[in-house]
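None of the figures in this text is laboratory data; all of them are computed from the coordinates on show. What you see is a predicted model, and the numbers here were worked out from it, not measured in a lab. Here the Cβ is made from the backbone with ideal geometry for all residues, glycine too, and neighbour counts use every protein chain on show.
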Amino acid sequence: MHETTLQSQELDTFDQSELFDDEAWFATPDLTEPSKSLLEVHVSWEGGLLDICHYATPRKLTFGSGTHTDFCYPLEDASDTKQAISFPLIQPGKGGFLLCFEPEMEGIVEQNGERLTLLDLVNEGRAHFLTRSGLCYYPLLPGTQVQLHFGGLDIQLRFVPTAPFHMSVLRRLDTSAPIMSFAVIAHLLFALLAISATHAPPSKQITTDKHIKRNAPPLKKKHNTYTQIRSSKQDCLRLALQNHELPKRCLKKLRDLANKKP
């Protein structure tokens, strides 16, 4: 107890440049182990949820009414200079997240079954007080829960486990969209090909003699009509004479008819 009082007095009378080793806070067996948890930032106003974010790697998170803040809200007492400037509620450390607060802020920290106010953390030497900036830093460990009231907002900080990733998630993916996209693209390509084939310019035709002779269809042999008629008449006359079917008086007429040109 005596050492704690001396440490608090030293922190209060420390007016030099604030250089604290945040690695010393995290150089413990519990904190050096890889953590599979996310820092959850829950922001609400009068019981209504405004924002909820999760962070895996340490980074700076600012609250305020300015447009360049990570969490921008119309805070109470926005006319005050301290409220108008963005307030760095979370600072990145070499070993994890650091809670940044003012001793006058309203808040409760729960860790290992203990409930401590922000001022108790400073008085017991658990938080590092920096006189240059007038702020205090406290390391956030897995299992720690913080409740703050800042500018009319209720802010809750806690660590939540990361959701495991299963390959079954890929099976539940909707594959209808890629299939429909492929079908639409194929339909458009088919339509473009059809249009291009319809409006394509006529191909150049080769009109050389060799090409005509090579690709020309075979010609049918023309028969003389007079020759066909004459030969058929002579055949009929020959058959008639052989069979003695016609009288002799008709032979002369048949011969004249056979020899007559059309």
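Take each of the peptides 102-115, 45-58, 133-146, 179-192, average the number of other beta-carbon atoms within 10 Å over its residues, and list them starting from the highest.
133-146, 102-115, 45-58, 179-192
Please compute the net charge surrounding H42, taking Lys and Arg as +1 and Asp and Glu as -1 over other residues with Cβ under 11 Å from its Cβ.
-2
Can you list residues whose amide H is under 5 Å from F159's amide H, if they're 5+ apart or on another chain and H is modeled 1.01 Å from N?
E40, G143, T144
Determine ³J(HN,Hα), in whole Hz, for all residues of segment 112-129 in sequence, where each value follows from phi through the Karplus function 6.51 cos²θ - 1.76 cosθ + 1.60 and θ = phi - 60°; x replaces Gly and Pro.
Result, ordered by residue: 6, x, 9, 10, 10, 7, 5, 5, 5, 5, 6, 5, 8, x, 7, 10, 8, 9 Hz.
Between L50 and K94, what FRET efficiency comes out of the Förster formula 1/(1 + (r/R0)^6) with R0 = 22 Å and r the beta carbon distance, rounded to 0.05?
Once rounded, the FRET efficiency stands at 0.10.
What is the spin-label model distance, in nm, from S133 to A183 if the labels are put 7 Å beyond Cα along the C-beta direction?
Here the modelled spin labels are 5.8 nm apart.
How far apart, in nm, are two points set 7 Å out from the Cα along the Cα-to-Cβ line at H68 and at T117?
3.5
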